[in-house]
Amino acid sequence: MYYCPKCDRTIPKERLEQADRELRQQFGITKLSSLRCPVCDTEFIDLEKCKEGGAENVGKSRK
Ligand SMILES: [Zn+2]
């Protein structure tokens, strides 16, 4: 699971591949493959790599 701290959005790894393909084909955007948010160009956080504290920051504004 990847997380964009700026947009407060998460994207599952399985979904990332498909989204990357779609964005490439439709808009020529390749940011997802370098793990950057296509919307705001912020580097994604890999939530699986930072379980400590990382997931706690997700969706703060939603809770
Ligand atoms: Zn973003």
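Before moving on, here are some points about what is shown:
- Within region 14-52, the set of residues being touching a residue at least 24 places away in the same chain (Cβ under 8 Å) and away from the ligand (no atom under 15 Å from the Cβ) comprises 48 only.
- When residues of region 1-10 are limited to those that are more than 10 Å from the ligand (Cβ to nearest atom) and closer than 16 Å to residue 40 by Cα, the one surrounded by the most Cβ atoms within 10 Å (Cβ to Cβ): 2
Read-outs: derived from the displayed coordinates by stated rules, not from any lab. Note that the structure is predicted; figures quoted are calculated from it, not measured. Positions of Cβ are backbone-derived with ideal geometry, glycine not excepted, and every protein chain shown enters the neighbour counts.
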